[in-house]
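The values are calculated or read from the model by the stated rules, or taken from the named source; none is laboratory data. Owing to the predicted nature of the structure, the values given are computational and were not obtained by experimental measurement. Don't worry about glycine lacking a Cβ; one is built from the backbone with ideal geometry, like all the others, and counts go over all protein chains shown. Note: accessible area is taken over every heavy atom of the protein model, side chains too, but ligands, DNA and RNA are not part of it. Shrake-Rupley method; radii C 1.70, N 1.55, O 1.52, S 1.80 Å.
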Amino acid sequence: ASVQDRDGAVPLLQLSRRSFPFVERVFADSAYAGERVAQATNIAIEIVRKPPDQVGFAVHPKRWVVERCFAWLNRNRRLAKDFEGTIHSATAFLYAASVMLLTRRLARYT
């Protein structure tokens, strides 16, 4: 909680290479535009900025993917707040929420 996003991105990117070696490009906002983040791994960091002529709010497709995913998951009451005592139980409920989300989508198209 006391680590700035830009500083926390470096160890996150480095540790993610073990679990996700196939990731080649990451989209981020301007908070991650530092040299430390760019040099952390061989993952290409693409900073998504708003167009210079934009006035007011506009949704940028690449930038809202993560926020949209969190919004879908937070519709589950158990995930709306941080109730879990351990990382293992929090991970289990995150998987359960993801399965519920995917089964609803599959049911919609079958």
(request) Compare SER2, SER98 by solvent-accessible area with a 1.4 Å probe and give them largest first, with all protein chains kept in place. (result) SER2, SER98
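Quick check: net charge around GLU35, other residues with Cβ under 13 Å of its Cβ, Lys/Arg +1 and Asp/Glu -1?
Counting the neighbours of GLU35, the net charge comes to +1.
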(message) Quick check: at a probe of 1.4 Å, how many percent of the accessible area of the chain sits on carbon and sulfur atoms?
(response) 59 percent
(request) Percent of Cα-Cα pairs per 5 Å bin, from 0 to the last occupied bin, for the chain, please list those. (result) 2, 9, 14, 15, 19, 19, 14, 6, 2, 0
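Per residue, how much accessible area does region 24-80 show when a 1.4 Å probe rolls over the protein heavy atoms, in square angstrom?
On the way: 4460 Å² over 57 residues.
Dividing the accessible area of region 24-80 by its residue count gives 78 Å².
What does the net charge come to around GLU24 if you take all other residues with beta carbon closer than 14 Å to its beta carbon, with K and R at +1 and D and E at -1? If you can, show how the numbers build up before the last one.
Working: positive: ARG17, ARG25; negative: GLU46.
Overall, the nearby charge balance is +1.
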(message) If I model a spin label at ARG105 and ARG6 as a point 7 Å from the Cα along the Cα→Cβ vector, what separation in nanometres do I get?
(response) 3.4 nm
(request) For n ≥ 4 DSSP H runs only, could you compute -39500 (n - 2.57) per run for the chain, divide by its residues and tell me the 222 nm figure to the nearest 500? (result) -15000 deg cm²/dmol
(request) Would you rank GLU24, GLU84 by solvent-accessible area, highest first, keeping every protein chain in place and using a 1.4 Å probe? (result) GLU24, GLU84
(message) Tell me the net charge near ARG105. Cut-off is 14 Å between Cβ atoms, ARG105 excluded, with +1 for each Lys or Arg and -1 for each Asp or Glu.
(response) +4
(request) Please state the charge dipole magnitude for the chain, taken about the Cα centre, from unit charges on C-beta atoms (+1 on K and R, -1 on D and E), reported in debye and rounded to the nearest 20. (result) 540 debye
(request) Step through the residues of region 7-18 one at a time and calculate ³J(HN,Hα) from phi using the Karplus curve (6.51 cos²θ - 1.76 cosθ + 1.60, θ = phi - 60°), rounding each to whole Hz and writing x for Gly and Pro. (result) 6, x, 5, 4, x, 5, 5, 5, 6, 5, 4, 5
(message) As a test of reading the structure, rank THR103, THR110, THR41 by solvent-accessible area (1.4 Å probe, protein chains only), most first.
(response) THR110, THR103, THR41
